[in-house]
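The values are calculated or read from the model by the stated rules, or taken from the named source; none is laboratory data. Fair warning: this is a prediction, and the values are worked out from it, not measured in the lab. Here the Cβ positions follow ideal geometry from the backbone for every residue, glycine too, while neighbour counts run over all protein chains shown.
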Amino acid sequence: MEHAQQLFGNLFGPEWGPALFLVAKNVLLIVAIVLPLMLAVAYLTFAERKIIGYMQLRVGPNRVTFFGIPWLGGWGQPIADAVKAVMKEIIIPSGANKFLFVLAPVLTFAPALAAWAVVPFSPEVVLADINAGLLYILAMTSMGVYGVIIAGWASNSKYAFLGAMRSAAQVVSYELAMGFALVCVLMMSHSLNLGDIVRGQQGSSFINWYLIPLFPMFLVYFISGVAETNRAPFDVAEGESEIVAGFHVEYSGMAFTVFFLAEYSNMILVATLASIIFLGGWLPPLDMAPFTLVPGFIWLLLKISFLLFCFLWFRATFPRYRYDQIMRLGWKVFIPITLVWILLIGVVMQFPPSMRNAFPLSLWFH
Amino acid sequence: MSFEDIIFYFFSAVLVSSALGVITARNPVHSALLLVLAFFTSAGLWLLLEAEFLAITLVLVYVGAVMVLFLFVVMMLDINLDQLREGFWKWFPFGAFLALLMAGEMAMVLMGKQFGADEMPAPPSRGADYSNTKELGRLIYTEYVYAFELAAVILLVAIVAAIALTLRRRTGIKSPDVAQQVAVKRKDRVRMVSMPSEKKE
């Protein structure tokens, strides 16, 4: 590392060397995060088709393999799908606004990737260890809706436009509940830094995780996350039974795939954040010998995988919400619950220190 | 010119050109989107000034919520551009007055020396572990608590007013009552009939 830094210093001079070195280093680190993420997205689509297949007593994809190895049946499917999507023509409708039509998938995808910058994978491994990490993530995820709205508008199609309108209203309403749920977390952890939030959950066992005192907030956050990513049962933005495919009805080929990539990387992001914020991130469930031997990153992966499984499980289980039910759940159920919980946490935080340091509260309020 | 300067000039150029685009674009949707770009780049400029809380809040509140609703409305409305242009000369004096006022304000900032800006020195730059979110929270709830609460009350009044303006009770609509739906019992809907099997002739 120092060698490379010196090389940059020699090449570009003392003023430009360090800055360019920083840029080059960060670009490499970004690639190191995005490549595994894309692979995870590809295999999440495969997992989704397999898991939902088994839940519905089907087999799911089982044909495409690598090099004809029979027991890898199906594992080549995501790669084959990607190749197919790249080969297809991108059709731009005649009445569409060309520039915005092409820009929309990019605008959906960019925030979905940008949010990963502040996610801590283990105590030291994080791209940008910034103080306002949680706020940054909220800001980035709130921008993803632009891609959907612009896609719906630029397509010059009524179905796409209806899907975009639904999505905009839905995302804005669930953002509020999500933000309030996170306010509880930052009240307890006294920090907006995701690493510090995990460190605040350190203790002897999973009892110390924020999952226990903030269980309703965990539910609100996770359900809002499902709504925010436009996944079933909140997928009225796509709603194939009423508006064909919603906002991306006019998209084909790679442009359509980019929407898919964004949706799945957003799913992984929501699952990762829920594991970091409520399930103790890289912390093992019990701070004892067999559990602490497993590296923290594996624990984080296990938690993320479980939550992702829940995403797929919901999709296989629940029928789609009616639109007014979605709005009711967001505004009339979640927001009041979160407000009451914020008040509750605030009251507990104002308890005298002798009470806060007594047994049950001392686990979470440091 | 250092690396930071280049970033500054890049953001400034994008900000000024997108702000110009907001008022010159013919399509209102393009204007709204350019305004989003302007907000975003000014958030980038604030980050350069080490005001990360303000920068991220600008993106979160204005880009993430306000502009989404704005875009929503602009897309839904069928705006007649010719009608909008008709009022140009009628409103020109007012607009010119506002423009002059803003030009004067900008002049006061740019010619700070004449207006005694030296007496307010630039704040010292802080380390990476300095959380200005915490500092801002502390100031808002101690020194500026009355101003903060006033703002909160004004916002609350605005919420109440907005709801009061749109709330209207209509009779004869078929909106479902969720409590009623939940309270439904099986015997309200299903009647079990015990019936002997019939023989086919």
Consider residue A:218 carefully, then state whether it is under 20 Å from residue A:308 (Cα atoms) and either touching a residue at least 24 places away in the same chain (Cβ under 8 Å) or among the acidic types (Asp, Glu) (or both). yes
Write out, first by first residue and then by second, each pair whose Cβ atoms fall under 7 Å of each other, whose residues are 6+ apart or on separate chains, and whose first residue, in the stretch A:12-41, is free of Cβ contacts under 8 Å to residues at least 12 places away in the same chain while the second is surrounded by fewer than 12 Cβ atoms within 10 Å (Cβ to Cβ) and among the small types (Gly, Ala, Ser). A:15/B:2
Would the stretch A:21-35 turn up any residue that is over 29 Å from the mean Cα position of the chain (by Cα), over 30 Å from residue A:157 (Cα atoms) and within 14 Å of chain B (Cβ to nearest Cβ)? yes
With the structure loaded, tell me whether residue B:107 is of a type in the set (Gly, Ala, Ser), more than 9 Å from every other protein chain (Cβ to nearest Cβ) and over 26 Å from residue A:131 (Cβ atoms) or whether it fails that test. yes
Here is a list of conditions, (1) out of contact with any Ser or Thr (no Cβ under 6 Å at 6 or more places or on another chain); (2) within 12 Å of chain A (Cβ to nearest Cβ); (3) among the hydrophobic types (A, V, I, L, M, F, W, C); (4) farther than 19 Å from residue A:145 by Cβ, and residue B:53 meets all of them except one; can you say which number that is? (1)
Any idea how many residues of the stretch A:24-37 are surrounded by fewer than 12 Cβ atoms within 10 Å (Cβ to Cβ) and of a type in the set (Val, Ile, Thr)? 2
Would you mind stating whether residue A:130 is β-branched (Val, Ile, Thr) and under 14 Å from the mean Cα position of the chain (by Cα)? no
Determine whether residue B:72 is assigned to a helix (DSSP H, G or I), surrounded by 10 or more Cβ atoms within 10 Å (Cβ to Cβ) and at the interface with chain A (Cβ under 10 Å from one of its Cβ atoms). yes
If only one of A:192, A:214, A:186 is of a type outside the set (Gly, Ala, Ser) and under 22 Å from residue A:112 (Cα atoms), which one is it? A:192
Determine whether the stretch B:155-165 contains at least one residue that is outside the structural domain of residue B:56 (by the TED database) and in contact with a helix residue (DSSP H, G or I) (Cβ under 9 Å, 6 or more places away or on another chain). no
Are any residues in the stretch A:118-148 without any contact (Cβ under 8 Å) to a residue 60 or more places away in the chain and either buried (at least 21 other Cβ atoms within 10 Å of the Cβ) or assigned to a helix (DSSP H, G or I) (or both), and if so, which ones? A:135, A:136, A:138, A:139, A:140, A:142, A:143, A:145, A:146
Look through A:113, A:44 and report the one residue that is surrounded by 13 or more Cβ atoms within 10 Å (Cβ to Cβ), in the same structural domain as residue A:152 (by the TED database) and assigned to a helix (DSSP H, G or I). A:113
In the stretch A:337-366, what residues are of a type outside the set (A, V, I, L, M), more than 14 Å from chain B (Cβ to nearest Cβ) and assigned to a helix (DSSP H, G or I)? A:338, A:341, A:353, A:354, A:356, A:359, A:360, A:362
Can you confirm whether the stretch A:48-63 contains a residue that is farther than 29 Å from residue A:114 by Cβ, small (Gly, Ala, Ser) and outside any helix (DSSP H, G or I)? yes
On the given criteria, is residue A:9 small (Gly, Ala, Ser) and farther than 23 Å from residue A:312 by Cβ? yes
Condition (residue is exposed (fewer than 10 other Cβ atoms within 10 Å of the Cβ) and either part of a loop (DSSP other than H, G, I, E, B) or within 14 Å of chain A (Cβ to nearest Cβ) (or both)) applied to the stretch B:131-146: is it met by at least one residue? yes
Within the stretch B:163-174, is there a residue that is modelled with pLDDT of 85 or more, more than 14 Å from chain A (Cβ to nearest Cβ) and in a helix (DSSP H, G or I)? yes
Can you tell me which residue within the stretch A:307-336, out of those that are more than 21 Å from residue A:237 (Cα to Cα) and touching a helix residue (DSSP H, G or I) at 6+ places or on another chain (Cβ under 8 Å), is farthest from the other protein chains (Cβ to nearest Cβ)? A:309
Within the stretch A:146-162, is there a residue that is closer than 29 Å to residue A:291 by Cβ and either away from chain B (no Cβ under 12 Å) or touching a Gly at 6+ places or on another chain (Cβ under 7 Å) (or both)? no
If residue B:161 meets every condition in (1) of a type in the set (Gly, Ala, Ser); (2) at negative phi; (3) loosely packed, with under 10 Cβ neighbours inside 10 Å apart from one, which number is that one? (3)
Among (1) closer than 22 Å to residue A:248 by Cβ; (2) surrounded by 15 or more Cβ atoms within 10 Å (Cβ to Cβ); (3) among the hydroxyl-bearing types (Ser, Thr, Tyr) - the single one residue A:94 does not satisfy: (2)
